[in-house]
Amino acid sequence: MNVKVKICGITSAEDALTAVDAGADALGFMFYASSPRCVTRETATRIIQQLPPFVAKVGVFVNPSVEEVRQAIADCSLDTLQFHGEETPEFCRQFGLKALKAFRVQGPETLEALPTYSSMAWLLDSFVAGTRGGTGNTFNWDIAARAVEMGGRVILAGGLTPENVADAVRKVRPYGLDVSSGVESAPGKKDAVKVRAFIAAAKGAK
């Protein structure tokens, strides 16, 4: 299977180009002030201007205003939006771009909300109180596999590393993977060796 890989929490052009060179399909830019990986629109724009074509540029938001999203789209040339808060389906769809809706999985009951966002990819992440991702914690992948059976495009996140990602792909069979802390040397600083190992393991899994 040709699983897609998104490297999230990009803060420098060096890390962005390393990820692309290693085979990343998408890069994520955090526009959430409480994240240690948050970047300004100016920084994201400078990085994105150096990217080759055909790499998805994903803006990551948590309960933003409409104006915040529109400004980031305009300034940074984003082509995909990722929402990690309590955004409604109507809110996510209004910008005319591809959208991902994140769900922090507490148990099987989390899946009940997925069909409401049927026009978007579903990003399943670990639930950790007080955080919105980048926790380094996994969750029960059986729940993610059930989401795949529901027919949507599932993007698996939460505690993925070069060591466990092949198992995750084989067990869940997701459309895509989203990794941040699992390929870092420090919050917001990617480790080139880990990035390459992660992508190779993910795309080589059978």
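When P52, P89 are screened for being closer than 18 Å to R153 by Cβ and more than 17 Å from the chain's Cα centre (by Cα), only P89 passes.
Conditions (1) within 14 Å of the chain's Cα centre (by Cα); (2) without any contact (Cβ under 8 Å) to a residue 40 or more places away in the chain; (3) part of a helix (DSSP H, G or I), marked per residue:
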| position | (1), (2), (3) |
| --- | --- |
| T138 | no, yes, no |
| P162 | no, yes, no |
| A168 | no, yes, yes |
| D178 | yes, no, no |
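Just give me the residues in segment 32-42 being open to solvent by less than 30 Å² (accessible area, probe 1.4 Å) and either without any contact (Cβ under 8 Å) to a residue 40 or more places away in the chain or not polar (S, T, N, Q) (or both), in sequence order. If the condition is that a residue be open to solvent by less than 30 Å² (accessible area, probe 1.4 Å) and either without any contact (Cβ under 8 Å) to a residue 40 or more places away in the chain or not polar (S, T, N, Q) (or both), then R37, V39 are the ones that fit.
Would you be able to tell me the number of residues in segment 151-165 that are surrounded by fewer than 21 Cβ atoms within 10 Å (Cβ to Cβ) and either among the basic types (K, R) or at pLDDT 95 or above (or both)? The qualifying residues number 5. Could you please find all residues in segment 14-27 being surrounded by fewer than 23 Cβ atoms within 10 Å (Cβ to Cβ) and more than 19 Å from V169 (Cα to Cα)? The answer is E14, D15, L17, T18, V20, D21. When T45, T80, T11 are checked against the criterion of being open to solvent by less than 50 Å² (accessible area, probe 1.4 Å) and more than 18 Å from the chain's Cα centre (by Cα), a single residue qualifies: T45. Taking (1) aliphatic (A, V, I, L, M); (2) in contact (Cβ under 8 Å) with a residue 40 or more places away in the chain; (3) farther than 17 Å from A121 by Cβ in turn, V58 satisfies each apart from (3). Residue pairs whose Cβ atoms lie under 7 Å apart, separated by 6 or more positions or on different chains, with the first residue in segment 180-204 and assigned to a loop (DSSP other than H, G, I, E, B) and the second among the hydrophobic types (A, V, I, L, M, F, W, C) and open to solvent by less than 40 Å² (accessible area, probe 1.4 Å), are S180/C8; D191/V183. Of all the listed residues (A197, A168, A192, A202), the sole one being of a type outside the set (F, W, Y), at pLDDT 95 or above and more than 18 Å from G23 (Cα to Cα) is A168. Would you confirm whether any residue within segment 102-114 is surrounded by 16 or more Cβ atoms within 10 Å (Cβ to Cβ), polar (S, T, N, Q) and in a helix (DSSP H, G or I)? So far as segment 102-114 goes, yes, one or more of its residues are surrounded by 16 or more Cβ atoms within 10 Å (Cβ to Cβ), polar (S, T, N, Q) and in a helix (DSSP H, G or I). Only one of (1) in contact with an Asp or Glu (Cβ under 8 Å, 6 or more places away or on another chain); (2) in a strand (DSSP E or B) fails for L81. Which number is that? Here L81 clears every test but (1). Of the listed requirements (1) modelled with pLDDT of 95 or more; (2) within 26 Å of G23 (Cα to Cα), L114 misses just one: (2). Of the residues making up segment 84-101, those that are open to solvent by 20 Å² or more (accessible area, probe 1.4 Å), in a helix (DSSP H, G or I) and closer than 21 Å to G28 by Cα are F91, R93.
The set of residues in segment 44-78 being in a helix (DSSP H, G or I), in contact with a helix residue (DSSP H, G or I) (Cβ under 8 Å, 6 or more places away or on another chain) and of a type outside the set (V, I, T) consists of A44, R46, Q71, A72, D75, C76.
The values are calculated or read from the model by the stated rules, or taken from the named source; none is laboratory data. All of these numbers come straight from a predicted model, not from anything done at the bench. Positions of Cβ are generated from backbone atoms using ideal geometry, with glycine treated the same way; all protein chains shown enter the neighbour counts. Just so you know, the surface numbers come from the protein's heavy atoms only, side chains and all, with ligands and any DNA or RNA stripped out. Shrake-Rupley method; radii C 1.70, N 1.55, O 1.52, S 1.80 Å.
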